[in-house]
1. In the range 192-235, how many are crowded, with 20+ Cβ neighbours inside 10 Å, among the hydrophobic types (A, V, I, L, M, F, W, C) and closer than 23 Å to Asp104 by Cα?
2. If I ask for residues that are within 21 Å of the chain's Cα centre (by Cα) and under 16 Å from Glu103 (Cβ atoms), which ones from the range 167-190 would you list?
3. Is it the case that Leu18 is within 24 Å of Val69 (Cβ to Cβ), part of a helix (DSSP H, G or I) and out of contact with any Phe, Trp or Tyr (no Cβ under 6 Å at 6 or more places or on another chain)?
4. Does Ala249 satisfy being crowded, with 20+ Cβ neighbours inside 10 Å, under 21 Å from the mean Cα position of the chain (by Cα) and within 30 Å of Ala53 (Cα to Cα)?
5. Give just the number: which of (1) within 22 Å of the chain's Cα centre (by Cα); (2) not in a strand (DSSP E or B) does Ser219 not satisfy?
6. Could you say which residue among Glu64, Glu103 is at pLDDT below 95, acidic (Asp, Glu) and closer than 21 Å to Thr257 by Cα?
7. From the residues in the range 206-264 that are of a type in the set (S, T, N, Q) and touching a helix residue (DSSP H, G or I) at 6+ places or on another chain (Cβ under 6 Å), which one is nearest to Tyr140 (Cα to Cα)?
8. What's the total number of residues in the range 86-140 that are within 22 Å of Leu164 (Cα to Cα), in contact with a helix residue (DSSP H, G or I) (Cβ under 9 Å, 6 or more places away or on another chain) and part of a strand (DSSP E or B)?
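The values are calculated or read from the model by the stated rules, or taken from the named source; none is laboratory data. On a predicted model such as this, the values are computed, not experimentally measured, just so you know. When we count neighbours, we look across all protein chains shown, and the Cβ atoms used for this are built from the backbone with ideal geometry, even at glycine.
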Amino acid sequence: MFQPGYEIQRTSTLTAFLKDCGIDSSEELVGRSNEEPDWFWGRIIDYAGIRFARPYPRLRDISEGSESVSWAVGSTLNLTETCLDARIADGLGDKVAIDWVREDGSRRRWTYSELAAEASRVASALAARGVRPGQAVGIYMPMIPEIEAALLGIARLGAVAVPLFSGFAPHAIVSHLNDANAVVVLTADATPRRGKPVWMEASLAQALTDVPSVHTVISVRRSGGAVADPARDLDWSETVGRASPEFAAVLVKAEDTFLIAYTSGTTGRPKRRRAYPSGRAGQGHGRFPALPRHEAA
């Protein structure tokens, strides 16, 4: 079993959190978290620096049973203000937020200010296409910097992100997007694998023949991929690139859905797993119960 060295332990986030709580050991922290869960999760929220527009008057509501706990009851927030605005306000706007290296060795870096601007452009572009808070937006993209802007831009608008594995076949895309009732998909025309392009936008176009709710596709076109439907399929550089880099974060309830991740693979009806702005996670269908207290993100 891996045993971290002294220097790793000394500089770890856990050590800093223990010091902040005035606790000497992780065992003591676990014990107190079991005895006083409200104290523990309140300290976690404060230590993480989560910004609330309207603070929560009550951390937990277990009136429907511990399996249906609600978190940060009565509060409003937008997580992008914690992830982006707070960093910039703290003087970290010029600090590198994304350092990305492509398969061919080329490199791109985005600072927090650049990431915030691109996320706001995504939110602006989605709003211009009629996307409203609470509506689902698919993310079918390779691991490029724009995927982070996509996630944060969706969150900035108060919409719901639906990530799709970049290797999904059309039938898997259909089942996930239909289940979420997605209205827009953010994608890329292709992604290189072992030096050859995998045509993602073409697979998405095939899937969308069976997804009537999607009215817009915005694609990062890097490889000259074909456009299936000019009325629906837009170029990222023209649509997002020309959108406003300023977009006020839409405030949502802490219990509103932030992300839907599907856990059933590529066959059968997808099983949902939701994440919430408050950090709560849930699974199943209908009512989404919280995870046990030490598994909540």
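1. 2
2. Keep residues of the range 167-190 that are within 21 Å of the chain's Cα centre (by Cα), which gives 167-168, 172-188.
Gly167, Ala188 - these are the residues of the range 167-190 that are within 21 Å of the chain's Cα centre (by Cα) and under 16 Å from Glu103 (Cβ atoms).
3. Numbers: within 24 Å of Val69 (Cβ to Cβ): no; part of a helix (DSSP H, G or I): yes; out of contact with any Phe, Trp or Tyr (no Cβ under 6 Å at 6 or more places or on another chain): yes.
Answer is no for this residue.
4. Values: crowded, with 20+ Cβ neighbours inside 10 Å: yes; under 21 Å from the mean Cα position of the chain (by Cα): yes; within 30 Å of Ala53 (Cα to Cα): yes.
Considered against the rule, which asks whether it is crowded, with 20+ Cβ neighbours inside 10 Å, under 21 Å from the mean Cα position of the chain (by Cα) and within 30 Å of Ala53 (Cα to Cα), Ala249 comes out as yes.
5. So Ser219 meets the others, but not (2).
6. Numbers: Glu103 fails: closer than 21 Å to Thr257 by Cα.
None of the others qualify; the one that does is Glu64.
7. Narrowing the range 206-264 to residues of a type in the set (S, T, N, Q): 206, 209, 213, 216, 219, 223, 237, 239, 244, 257, 263-264.
From the residues that got through so far, the ones that are touching a helix residue (DSSP H, G or I) at 6+ places or on another chain (Cβ under 6 Å) too are 206, 219, 239, 244.
Values: Gln206: 13, Ser219: 9, Thr239: 17, Ser244: 23 Å.
Per the criteria, the residue is Ser219.
8. Of the residues in the range 86-140, 7 are within 22 Å of Leu164 (Cα to Cα), in contact with a helix residue (DSSP H, G or I) (Cβ under 9 Å, 6 or more places away or on another chain) and part of a strand (DSSP E or B).
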